[in-house]
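The structure appears right after this line, and notes come after that.
Derivation of every value follows stated rules applied to the coordinates shown; laboratory data play no part. Note that the coordinates shown come from a computational prediction; the quantities given were computed from them, not determined experimentally. With ideal geometry, Cβ positions are generated from the backbone for all residues, glycine too; neighbour counts draw on all protein chains shown.
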Amino acid sequence: MTSPLPARIASPQSSRRVIVVSIAGAVGGFLFGFDTAIINGAVDPIDTTFHLNAFALGVVVAITLFGAALGAFVAGWLADRIGRPRVMLVAAVVFFASAIGCGLSIGVWDLSVWRFATGLSVGVATVIGPLYISEVAPAHLRGRLSSMQQMAIVLGIFVALLSDSAIAAALSGADAALFLGLPAWRWMFIAGVIPALVYGILGLVLPESPRYLVSRGRIADAERSLRRVQQLDPETARNDVRRIQETLRSDRKPRFRDLLAPKTGLLPIVWVGVALAVLQSWVGIDVIFYYSTSLWQSVGFDESAAFGLSVFSSVINVLATIVAILLIDRVGRRKLLLVGSGGMFVSLVTVAIGFTHTATYHGQLQLEGVWGPVTLIGANVFVIAFAVSWGPVVWVLLGEMFPNRIRAVALSLAAAANWAAEVVLNLTFPSLRELSLSGSYAIYALMALASWFLVFFAVRETKNRELEDMTVDVRVVEGSGS
């Protein structure tokens, strides 16, 4: 057993410093949100430009997620070899190139290649953000600071949808021509070069994770990193480094085989992490933010109203995420997840019922009577329930719940599973929508119900626990105590 850390009181100055570093580390989340949600306003123009069927359209959207699964899978391995900020820099370069590539694509195949490249960098950012923040933040602030990753994601989604809406409104449609004769939807992609540049600069200046430095034998550098980020005195920094050393006794580098167990395939705690990551996707949140503009148009709203509804949902997402940040270190991870699962289930059932009340008027599908506003309310309640719980909390847990020795590779596996689940979701939704829109939401409601049972029976509270204490969690603790 490791010895307890001495009690410490964070000064306002030290808290401000670690907050600034954590916000900077979360910028990859903004790129994640921006570059994945930007497709929302471009779905219909891409469909029209390249004459795609439902499956091909699903491929164009989902191939980014396939790339993200691969990027997430290798991110932990890469981070353990070249360091966290250097991986951010690599991701920024790929972000930059793919934004231009998507905007200048001349056919569906090269667009798909650049969307895949976007996904690679998105997957890397998914892992590096929570990994880096969890390793530089003190325990009493870690939940709120790790939630910055999700806040950056939802801000990226918001800016992407707002950008799409503004361009479409200013140019009378997403197919309108703009600078150099390129359609507006192409400039939606190219705009991603700006946050990519910011992320690259941050990758050059951010301090390295002290846990990575200890793993590389750079003890003095680790102490300096802790003093720089958390403003610790030299003795406290030395004590923290000794504690990290105790949890990194193995001389060999972390490997994916460390996650394996003889009877269960993976360590039980890793199975829980994978299940959390998969269900976070399969409750259907991507449908709201990747397809919402097209979805609302398909049930009777004009283009302007559909863009407006998408932006409104993203604003709700941002506000609810702020609430989550305020609550996560007070209420705890487990309680927020349970409440969120219940809210998602009820709201998704409402949306599923709402979409059964549609009728065709003058060749256009529309929601009947009161079911228009009821379905809209249900969809936005779902966004709220997700944003205050499963959106930020799952990534906080995945950055906390694994032992130091396997944290990076276990988080990579869970993130890859999350992206693989999103591939399945985005590939199937266009076809499910044609088959039965209400049925697709009923499936997502069942996933929300399953998420409640997973948390109740298998997730243990990590609030206020130091990362070094997670060494005891290589098994799932029996029961559901906090």
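Which of the peptides 84-97, 191-204 is most tightly packed, and how do the rest follow, going by the mean number of other Cβ atoms within 10 Å of each residue? Don't skip to the end; give the middle numbers.
Values: 84-97: 21.8, 191-204: 18.3.
Peptide ranking by packing, descending: 84-97, 191-204.
Remark: spin-label model distance Phe256-Trp77 equals 0.6 nm, labels positioned 7 Å along the Cα→Cβ axis.
Among 21-34, 137-150, the peptide with the highest mean count of other Cβ atoms within 10 Å heads the list, and the full ranking is 21-34, 137-150.
Overall, the anisotropy analysis places the range 184-260 in the oblate class: the square-rooted eigenvalues a ≥ b ≥ c of its C-alpha gyration tensor yield a/c not less than 1.5, with a/b not exceeding b/c. The amide H of Ala261, built 1.01 Å from its N in the peptide plane, has Leu266, Leu267 as neighbours under 5 Å, considering only residues 5 or more places off or on other chains. Once the Cβ-Cβ distance of Phe457 and Ile106 is raised to the sixth power relative to R0 = 60 Å, the FRET efficiency obtained is 0.70. Among 350-358, 214-222, sorting by the average number of other beta carbon atoms lying within 10 angstrom of each residue, highest first, gives 350-358, 214-222.
Please give the residues of the range 127-144, grouped as numeric ranges, whose backbone N is less than 15 Å from a label point set 7 Å along the Cα-to-Cβ vector of Arg465. Correct set: 139-140, 142-143. Rounded, prolate or oblate: which one fits the range 403-459, using the alpha carbon gyration tensor with axes a ≥ b ≥ c (rounded when a/c is under 1.5, else prolate when a/b beats b/c, else oblate)? Since a/c reaches 1.5 but b/c is at least a/b, the shape of the range 403-459 is classed as oblate.
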